[in-house]
Amino acid sequence: DSGVTQTPKHLITATGQRVTLRCSPRSGDLSVYWYQQSLDQGLQFLIQYYNGEERAKGNILERFSAQQFPDLHSELNLSSLELGDSALYFCASSLLGLAGGGTDTQYFGPGTRLTVL
Amino acid sequence: KNQVEQSPQSLIILEGKNCTLQCNYTVSPFSNLRWYKQDTGRGPVSLTIMTFSENTKSNGRYTATLDADTKQSSLHITASQLSDSASYICVVGGGGNKLVFGAGTILRVKS
C-alpha cells in the first residue's frame, strides 16, 4: 500500500459526459501528479500540482483539467468524453515535487479505470 | 528529441534464472534515472533512483546500473521469482519537472 488513495476504482460512462477523479496524496506529500495509461500505451504524464499550484503540464487535453485543494487532495476533471479516453488514470504523490530534477520518490495510487461507452 | 527506449519489448524466463533489461535515453539535460515495476492493473512501484554520479544501485534482487557517458542503463534481476512477472519501466528525469517515460519491458517468469 503506497498511502495514495484514488476514488472511484472503476467508472463507466457514456461519450460526451463529464467525470471527476479524486486523489488523496500520502500524508506529508505536497505534490500530486496525474498520469493516463491506455491499453496499448505507456504512462503519459498529464499534469502536476505542488502545494495547490500547477507546476508542470504534460500531454493534457484541453477537455481535461485538474486542481489541488488546500487539504492537498486533487481532482482530475474529464469532460466531453470520447471513446479514446478509456484508460487507467493514476495519481502519484511526492514530498518535494521536483521529480524531474532530484531524487524525489513518486508513490503511485491504485488507479481509476475509466470506460467510456 | 528527448526519448527513452527500452529493450526487449517482452521477455520470458524460467524461475530462478537471471535477466537483464536495457534502457537507452537521449534526454538532455540529464538529472536522474528511475526504474519502476508495474504489476498488471496496478500502480507502478519505485525500484531504484540514480543520479548522474551514481553508476549502480541495488534493491534486494534488483540491481540497476547507469552509464551516463553512453546514456545507457540496465536493470538486472537475480534468481527470478514468479512474482517478478510485471512490466518494468525506465524513466529519465531531465531537470526541473521533465520526466520522460519508456514504453516498458514486459517480463514473464514461468515455472
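The numbers here are math on the coordinates, done by the rules we state, and not lab data. Small disclaimer: the values here were computed from a predicted structure and weren't measured. Here the Cβ is made from the backbone with ideal geometry for all residues, glycine too, and neighbour counts use every protein chain on show.
Here is a yes/no grid of residues against (1) buried (at least 16 other Cβ atoms within 10 Å of the Cβ); (2) outside any loop (DSSP other than H, G, I, E, B):
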| residue | (1), (2) |
| --- | --- |
| A:ILE12 | no, yes |
| A:GLN17 | no, no |
| A:GLY28 | no, no |
| A:TYR35 | yes, yes |
| A:ASP71 | no, no |
| A:LEU88 | yes, yes |
| A:CYS91 | yes, yes |
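Within the range B:33-47, does at least one residue satisfy the condition of being in a strand (DSSP E or B), within 13 Å of chain A (Cβ to nearest Cβ) and β-branched (Val, Ile, Thr)?
Step one: list which residues in the range B:33-47 are in a strand (DSSP E or B), which gives B:33-38, B:45-47.
Next, only the ones that are within 13 Å of chain A (Cβ to nearest Cβ) stay: B:33-38, B:45-47.
Now narrow it down to the ones that are β-branched (Val, Ile, Thr): B:45.
Yes, because at least one residue in the range B:33-47 is in a strand (DSSP E or B), within 13 Å of chain A (Cβ to nearest Cβ) and β-branched (Val, Ile, Thr).
For the range B:97-111, give me each residue that is among the hydrophobic types (A, V, I, L, M, F, W, C), within 12 Å of chain A (Cβ to nearest Cβ) and either more than 27 Å from B:GLY16 (Cβ to Cβ) or more than 14 Å from the chain's Cα centre (by Cα) (or both).
Pass one, the range B:97-111, residues among the hydrophobic types (A, V, I, L, M, F, W, C): B:99-101, B:103, B:106-107, B:109.
Those left that are additionally within 12 Å of chain A (Cβ to nearest Cβ): B:99-101, B:103, B:106.
Scanning the range B:97-111 gives B:LEU99, B:VAL100, B:PHE101, B:ALA103.
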(message) Looking for something under 28 Å from A:ALA87 (Cβ atoms) and at the interface with chain A (Cβ under 10 Å from one of its Cβ atoms) - is there at least one such residue anywhere in the range B:56-77?
(response) no
(request) Taking the residues in the range A:1-33 that are within 14 Å of chain B (Cβ to nearest Cβ), in contact (Cβ under 8 Å) with a residue 24 or more places away in the chain and among the charged types (D, E, K, R) as candidates, determine which candidate is nearest to A:TYR49 (Cα to Cα). (result) A:ASP29
(request) Could you grab me the full set of residues in the range A:43-82 that are away from chain B (no Cβ under 13 Å) and more than 23 Å from A:GLY28 (Cα to Cα)? (result) A:ILE60, A:LEU61, A:GLU62, A:ARG63, A:PHE64, A:SER65, A:ASN77, A:LEU78, A:SER79, A:SER80, A:LEU81, A:GLU82
